[in-house]
Amino acid sequence: MISKSQIKLINSLSQKKYRNKNNLFVAEGIKVIKELLKSDFELEMIFSEVDMFFTAKDKLEIISPEILKKISNLSTPQTALALFKIPQHTISADLDFAVALDGIRDPGNLGTIIRLCDWFGVSHLICSQDTVDCYNPKVVQATMGSIARVNIIYTDLKTFIEKSNLPVYGAFMNGENIYKKSFSPKGIVVLGNEANGISSAIERLISQKISIPQFGENQKTESLNVATATAILLSEFKRNS
């Protein structure tokens, strides 16, 4: 039987300070858990309504739907919940292409961007310190397992860019039309905060401002969702570089 202390621990992992303190994060749903089990992520424990994780028998606890509901972050729990250890990622010395996020706050947006990096073969995602934690349960859920295949680094974004010799592209409303531009296969693509865009400190380091043109006749939409913009930009980079 799962203990009260285990329930308390799992519930506490919804907060970043306790994830950092215990070096653990929560993954929910069979698909996400299976993806993480195939990766280098280290499993701590699985709590499941069914016995189906045959490769992790020694770390599997069968629980009731009622208990799963107590420990789940979801309004409708998804059969299983697992605890994994938070890995220690480092920036590769031969990094030649990366997406960089400047103050992204919405967990759903970050989760989708991680999936997009996985889809387009972007192995490095560099996040400012004020970007939402990628091990937030909502982010992990939104990645659908892609978090296992993208090297996610939290660092001082300004220092990272200053030390890089790569061209730095920044997404702005008034930048150069991406459909009329050729891109280098190497570079850093920076996307900014949902409400305020790229910060002034980072803007000064952008070597090439780029923009997704608006085609709608009414021209009343103020901006694109940052995850949607990421999809369009990465598609153009991969097609046109």
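Considering only residues in region 65-121 that are open to solvent by less than 10 Å² (accessible area, probe 1.4 Å), among the aliphatic types (A, V, I, L, M) and in a helix (DSSP H, G or I), the one that is nearest to Asn23 (Cα to Cα) turns out to be Ile71. Checked against the criterion of being polar (S, T, N, Q), closer than 23 Å to Ile232 by Cβ, in contact (Cβ under 8 Å) with a residue 12 or more places away in the chain and in contact with a Gly (Cβ under 7 Å, 6 or more places away or on another chain), region 144-162 has no qualifying residue. Confirm whether Thr221 is open to solvent by 50 Å² or more (accessible area, probe 1.4 Å), β-branched (Val, Ile, Thr) and either part of a strand (DSSP E or B) or modelled with pLDDT of 95 or more (or both). So Thr221 fails the test.
Looking across Gly175, Gly192, Gly170, Gly216, one residue alone is farther than 26 Å from Ser92 by Cα and assigned to a strand (DSSP E or B). It is Gly175.
Within this structure, Lys38 passes the test of being touching a residue at least 24 places away in the same chain (Cβ under 8 Å), more than 30 Å from Ile202 (Cα to Cα) and open to solvent by 20 Å² or more (accessible area, probe 1.4 Å). None of Ile198, Ile232 is open to solvent by less than 50 Å² (accessible area, probe 1.4 Å), under 25 Å from Val139 (Cα atoms), out of contact with any Gly (no Cβ under 8 Å at 6 or more places or on another chain) and in contact (Cβ under 8 Å) with a residue 24 or more places away in the chain except Ile232.
Annotation note: Cβ proximity below 8 Å between a residue of region 14-30 that is open to solvent by 50 Å² or more (accessible area, probe 1.4 Å) and a residue that is outside any strand (DSSP E or B) and of a type in the set (D, E, K, R) (sequence gap 6+ or interchain) occurs for Lys16/Asp133. Just so you know, in region 134-145 the residues that are in a helix (DSSP H, G or I) and within 8 Å of the chain's Cα centre (by Cα) include one that is surrounded by the most Cβ atoms within 10 Å (Cβ to Cβ), and it is Val140. The residues in region 118-133 that are closer than 16 Å to Lys158 by Cα and either among the aliphatic types (A, V, I, L, M) or under 11 Å from the mean Cα position of the chain (by Cα) (or both) can be counted, and the count is 4. For Lys158, the stated conditions do not hold, so it cannot be described as surrounded by 14 or more Cβ atoms within 10 Å (Cβ to Cβ), modelled with pLDDT under 95 and of a type in the set (Lys, Arg).
When Asn177, Asn193, Asn165 are checked against the criterion of being open to solvent by 10 Å² or more (accessible area, probe 1.4 Å), at pLDDT below 95 and over 10 Å from the mean Cα position of the chain (by Cα), Asn165 stands alone in meeting it. Do we have any residue at all in region 163-179 that's among the aliphatic types (A, V, I, L, M), in contact with a helix residue (DSSP H, G or I) (Cβ under 7 Å, 6 or more places away or on another chain) and free of Cβ contacts under 8 Å to residues at least 40 places away in the same chain? No: region 163-179 contains no residue that is among the aliphatic types (A, V, I, L, M), in contact with a helix residue (DSSP H, G or I) (Cβ under 7 Å, 6 or more places away or on another chain) and free of Cβ contacts under 8 Å to residues at least 40 places away in the same chain. As a summary of the residue check, Lys238 satisfies the conditions (1) part of a helix (DSSP H, G or I); (2) open to solvent by less than 50 Å² (accessible area, probe 1.4 Å); (3) farther than 19 Å from Thr131 by Cα except for the one numbered (2).
The values are calculated or read from the model by the stated rules, or taken from the named source; none is laboratory data. All figures in this text were calculated on a predicted structure; none of them were measured in a lab. No Cβ is skipped: glycine too gets one built from the backbone with ideal geometry, and neighbour counts run over all protein chains shown. Please note that ligands, DNA and RNA were not included when accessible areas were found on the heavy atoms of the full protein model with its side chains. Shrake-Rupley method; radii C 1.70, N 1.55, O 1.52, S 1.80 Å.
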